[in-house]
Amino acid sequence: MHLAASRALFERDVATLSSELARRRQWVLHSLTYPLIDCSFTAERRTTLRVRFRCDDWSDLPPSVTLHAADGSLLTAPLTNTSNVFHPQRHPATNEFFVCMRGTREYHTHPSHVTDLWENIKSSSSYSLGGILTQIWHAWEKGKD
(Lines give C-alpha, C1' and ligand atoms only; values in the text may rest on other atoms or scores of the structure.)
Protein backbone atom coordinates (compact mmCIF):
# COMPACT_ATOMS: atom_id res chain seq x y z
CA MET A 1 0.00 0.00 0.00
CA HIS A 2 1.13 3.52 -0.67
CA LEU A 3 2.62 5.10 2.48
CA ALA A 4 0.40 8.20 2.38
CA ALA A 5 -2.76 6.11 1.99
CA SER A 6 -1.71 3.78 4.81
CA ARG A 7 -1.00 6.75 7.08
CA ALA A 8 -4.36 8.38 6.26
CA LEU A 9 -6.27 5.17 7.04
CA PHE A 10 -4.30 4.76 10.28
CA GLU A 11 -5.01 8.33 11.36
CA ARG A 12 -8.72 7.93 10.59
CA ASP A 13 -8.87 4.81 12.80
CA VAL A 14 -6.84 6.14 15.74
CA ALA A 15 -8.94 9.32 15.83
CA THR A 16 -11.61 7.17 17.52
CA LEU A 17 -9.20 6.35 20.39
CA SER A 18 -9.89 9.44 22.46
CA SER A 19 -8.44 10.28 25.84
CA GLU A 20 -11.97 9.99 27.29
CA LEU A 21 -12.33 6.44 25.94
CA ALA A 22 -8.90 5.57 27.34
CA ARG A 23 -9.84 7.00 30.75
CA ARG A 24 -13.11 5.04 30.91
CA ARG A 25 -11.36 1.79 29.98
CA GLN A 26 -8.29 2.46 32.16
CA TRP A 27 -5.99 2.40 29.16
CA VAL A 28 -2.75 4.32 28.95
CA LEU A 29 -2.16 5.47 25.37
CA HIS A 30 1.62 5.80 25.09
CA SER A 31 1.68 6.44 21.34
CA LEU A 32 -0.76 6.80 18.47
CA THR A 33 1.80 7.91 15.92
CA TYR A 34 1.92 6.17 12.55
CA PRO A 35 2.67 3.31 12.27
CA LEU A 36 2.55 2.54 16.02
CA ILE A 37 -0.18 2.13 18.61
CA ASP A 38 1.28 1.57 22.08
CA CYS A 39 -1.33 0.99 24.78
CA SER A 40 -1.34 -0.39 28.32
CA PHE A 41 -4.37 -2.10 29.83
CA THR A 42 -4.64 -1.40 33.55
CA ALA A 43 -7.09 -2.38 36.26
CA GLU A 44 -7.12 -2.65 40.02
CA ARG A 45 -5.43 -5.82 41.27
CA ARG A 46 -4.35 -6.78 37.74
CA THR A 47 -0.93 -7.01 36.16
CA THR A 48 -0.71 -4.36 33.45
CA LEU A 49 -0.49 -5.63 29.89
CA ARG A 50 1.04 -3.40 27.27
CA VAL A 51 0.33 -4.08 23.60
CA ARG A 52 2.04 -2.55 20.61
CA PHE A 53 0.50 -2.56 17.16
CA ARG A 54 2.83 -2.09 14.19
CA CYS A 55 0.53 -0.92 11.43
CA ASP A 56 2.80 -0.62 8.42
CA ASP A 57 0.76 -1.24 5.26
CA TRP A 58 -2.53 -0.65 7.11
CA SER A 59 -5.06 -1.79 5.94
CA ASP A 60 -3.60 -4.08 3.29
CA LEU A 61 -2.08 -6.02 6.19
CA PRO A 62 -3.48 -6.50 9.69
CA PRO A 63 -1.45 -4.98 12.53
CA SER A 64 1.40 -6.96 14.01
CA VAL A 65 0.72 -7.08 17.76
CA THR A 66 3.39 -7.67 20.37
CA LEU A 67 2.86 -8.27 24.09
CA HIS A 68 4.82 -6.32 26.68
CA ALA A 69 5.20 -5.79 30.41
CA ALA A 70 4.27 -2.41 31.85
CA ASP A 71 7.84 -1.14 31.36
CA GLY A 72 7.69 -1.90 27.63
CA SER A 73 9.88 -5.00 27.67
CA LEU A 74 8.65 -7.97 25.64
CA LEU A 75 6.94 -10.67 27.66
CA THR A 76 9.33 -13.50 28.48
CA ALA A 77 6.61 -15.89 29.69
CA PRO A 78 3.10 -16.54 28.44
CA LEU A 79 0.15 -14.86 30.09
CA THR A 80 -1.58 -17.20 32.51
CA ASN A 81 -5.22 -17.42 33.54
CA THR A 82 -6.36 -15.54 30.45
CA SER A 83 -8.56 -16.32 27.49
CA ASN A 84 -7.22 -18.50 24.70
CA VAL A 85 -6.56 -15.35 22.63
CA PHE A 86 -3.16 -15.08 24.32
CA HIS A 87 -1.33 -18.05 22.86
CA PRO A 88 0.75 -19.97 25.43
CA GLN A 89 3.42 -20.87 22.88
CA ARG A 90 5.67 -18.70 20.77
CA HIS A 91 4.79 -17.84 17.18
CA PRO A 92 6.83 -19.94 14.71
CA ALA A 93 7.87 -16.90 12.62
CA THR A 94 8.53 -14.32 15.35
CA ASN A 95 9.46 -16.57 18.29
CA GLU A 96 7.40 -14.27 20.56
CA PHE A 97 4.26 -14.86 22.60
CA PHE A 98 1.35 -13.59 20.55
CA VAL A 99 -2.30 -12.75 20.21
CA CYS A 100 -3.97 -15.59 18.33
CA MET A 101 -7.05 -13.73 17.15
CA ARG A 102 -8.52 -12.81 13.78
CA GLY A 103 -7.33 -9.34 12.87
CA THR A 104 -3.71 -9.71 13.99
CA ARG A 105 -0.88 -10.39 11.59
CA GLU A 106 0.42 -13.19 13.79
CA TYR A 107 -2.93 -15.00 13.59
CA HIS A 108 -3.24 -14.68 9.82
CA THR A 109 0.37 -15.84 9.26
CA HIS A 110 0.24 -18.75 11.72
CA PRO A 111 0.30 -22.13 9.91
CA SER A 112 -3.02 -23.05 11.57
CA HIS A 113 -4.83 -20.03 10.14
CA VAL A 114 -3.32 -19.12 6.76
CA THR A 115 -6.61 -20.01 5.03
CA ASP A 116 -8.50 -17.50 7.20
CA LEU A 117 -7.80 -14.50 5.00
CA TRP A 118 -7.51 -10.94 6.29
CA GLU A 119 -9.11 -9.79 3.02
CA ASN A 120 -12.38 -11.43 4.07
CA ILE A 121 -12.78 -9.44 7.31
CA LYS A 122 -10.81 -6.22 7.01
CA SER A 123 -13.76 -4.08 5.92
CA SER A 124 -15.78 -4.94 9.05
CA SER A 125 -15.88 -2.26 11.77
CA SER A 126 -14.93 -4.98 14.26
CA TYR A 127 -11.54 -5.08 12.55
CA SER A 128 -10.71 -1.39 12.55
CA LEU A 129 -7.67 -0.63 14.71
CA GLY A 130 -9.94 0.42 17.57
CA GLY A 131 -12.05 -2.70 17.09
CA ILE A 132 -9.03 -5.00 17.24
CA LEU A 133 -7.62 -3.17 20.28
CA THR A 134 -11.00 -3.47 22.02
CA GLN A 135 -11.25 -7.21 21.31
CA ILE A 136 -7.79 -7.79 22.78
CA TRP A 137 -8.69 -5.68 25.82
CA HIS A 138 -11.90 -7.69 26.36
CA ALA A 139 -9.88 -10.92 26.21
CA TRP A 140 -7.42 -9.49 28.78
CA GLU A 141 -10.32 -8.36 30.99
CA LYS A 142 -11.65 -11.91 31.18
CA GLY A 143 -8.40 -13.12 32.71
CA LYS A 144 -7.59 -13.24 36.37
CA ASP A 145 -4.19 -12.49 37.88
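Things to note:
- Counting the residues of region 1-20 that are in contact (Cβ under 8 Å) with a residue 40 or more places away in the chain, outside any loop (DSSP other than H, G, I, E, B) and closer than 15 Å to L133 by Cα gives 3.
- When we screen T66, T115 for residues that are β-branched (V, I, T), outside any loop (DSSP other than H, G, I, E, B) and without any contact (Cβ under 8 Å) to a residue 40 or more places away in the chain, the only hit is T66.
- When region 111-126 is filtered for residues that are of a type in the set (D, E) and loosely packed, with under 12 Cβ neighbours inside 10 Å, only E119 remains.
- The residues of region 99-114 that are hydroxyl-bearing (S, T, Y) and farther than 15 Å from L67 by Cβ, listed by number, are T109, S112.
- Qualifying position, being surrounded by 14 or more Cβ atoms within 10 Å (Cβ to Cβ), among the small types (G, A, S) and in a strand (DSSP E or B), among S83, S40: S40
- Scanning region 10-25 for residues that are of a type in the set (A, V, I, L, M) and either crowded, with 17+ Cβ neighbours inside 10 Å or at pLDDT below 95 (or both) gives V14, L17.
- Index of the failed condition, V28 passing every other in (1) more than 20 Å from S125 (Cα to Cα); (2) in a loop (DSSP other than H, G, I, E, B); (3) touching a strand residue (DSSP E or B) at 6+ places or on another chain (Cβ under 9 Å); (4) hydrophobic (A, V, I, L, M, F, W, C): (2)
- Within region 55-72, the residues that satisfy the criterion of being surrounded by fewer than 20 Cβ atoms within 10 Å (Cβ to Cβ), in contact with a strand residue (DSSP E or B) (Cβ under 9 Å, 6 or more places away or on another chain) and either more than 24 Å from Y127 (Cβ to Cβ) or among the hydrophobic types (A, V, I, L, M, F, W, C) (or both) are A69, A70, D71, G72.
- Of residues in region 129-138 being buried (at least 20 other Cβ atoms within 10 Å of the Cβ) and out of contact with any Leu (no Cβ under 8 Å at 6 or more places or on another chain), the one farthest from Q26 (Cα to Cα): I132
The values are calculated or read from the model by the stated rules, or taken from the named source; none is laboratory data. Just so it is clear, the structure is predicted and the values come from calculations on it, not from any experiment. Please note: Cβ atoms are built from the backbone with ideal geometry, for glycine as well, and neighbour counts cover all protein chains shown.
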